[in-house]
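Notes follow once the structure below has been shown.
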Amino acid sequence: MKNYKVAVDGIHYYYTHNGVQKPPKVILLHGQNTTAKTWEDVGTMKALAKAGHSSIALNLPGPNTDLHPEAWLLECMNKLGIQAPIMVTPSLSTEYIIPYMIKYPKRLSAWVSVANMYLDKYYNIYPDIKFPVLAIWGELDKYAPVEHAYKLVENVKNGQYKIISGATHSPFQTNPVEFNKILIEFIDSLPTR
């Protein structure tokens, strides 16, 4: 794994690349109590590399930018030369991915929703989502009800869900081996772009 910086709106943000020498295919965002480094710590970036998938874990800006979340994310994608990645978005990164997919739907090839918060605010846009969606939830999630995963996949054109038994709100932390297996199987099932 190697750390880099990308300048967005005059501020440098760190990101980690897993070392696979291909254009990045998977973008990993993070939730409130995690960082880009979490994806390295739990073994997701290494598992993706072993499967041959280039990935980048981005550190989100929090309150450090005047840009709207979707504008910040678009600027990152443009600066990194990434056109339509698979986005993996846990918990509160909902506030980045949903506005991004509304404004720039052609800039995603698939979405992995990991116990995303506040999905109920966006039910009206689900029928417009045309790319594949995988919802991964922990069975014991106390913050984002599992019912949100069901409702999400029922209302998108190409959705599926996986509930990880015994996992909590951050299934990639509580059950990383199973999470990584599910993630890679989903990525491998997608058409090559």
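Read-outs: derived from the displayed coordinates by stated rules, not from any lab. All values reported here derive from a predicted model rather than from experimental measurement. Note that each Cβ is placed from the backbone with ideal geometry, even for glycine, and that neighbours are counted across all protein chains shown.
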Exercise for the section: Quick one: grab the alpha carbon gyration tensor of segment 46-152, order the square roots of its eigenvalues as a ≥ b ≥ c, and give me rounded if a/c is under 1.5, else prolate or oblate depending on whether a/b is larger than b/c. Expected result: rounded
Handout entry: DSSP beta bridge pairing in segment 2-189, given as percent antiparallel to the nearest 5
Key = 30
Handout entry: ³J(HN,Hα), Karplus 6.51/-1.76/1.60, whole Hz, each residue of segment 37-50, x for Gly, Pro
Key = 5, 4, 5, 6, 4, 8, x, 5, 5, 5, 5, 5, 4, 4
Handout entry: Other-chain or far-sequence residues with amide H under 5 Å of Val114's (modelled H)
Key = Thr89, Ser91, Ile136
Handout entry: Extension gain (nm, one decimal) between Thr35 and His68, 0.36 nm per residue minus Cα-Cα
Key = 9.9 nm
Problem - For segment 1-75 and segment 116-145, distance of Cα centres in Å - result: 21
Completion exercise
proj_area_mean for the chain (convex hull on C-alpha atoms), units nm², value 9.6
Fill in the blank from the handout: In units of 2.2 N^0.38 Å, the Cα radius of gyration of segment 87-146 is 1.06
Problem - Cα centre as origin, Lys/Arg/Asp/Glu Cβ charges: segment 1-152 dipole, Debye - result: 600
Practice task
State, as an integer percentage, the relative contact order of segment 1-104 based on alpha-carbon contacts under 8 Å between residues 6 or more apart.
Solution key: 33
Fill in the blank from the handout: Sorted by chain and number, the residues with a modelled amide H under 5 Å from that of Val8, at a separation of 5 or more or across chains, are Tyr13
Fill in the blank from the handout: Under 5 Å from the placed amide H of Ala167, counting only residues 5+ away or on other chains, we find Glu139, Leu140
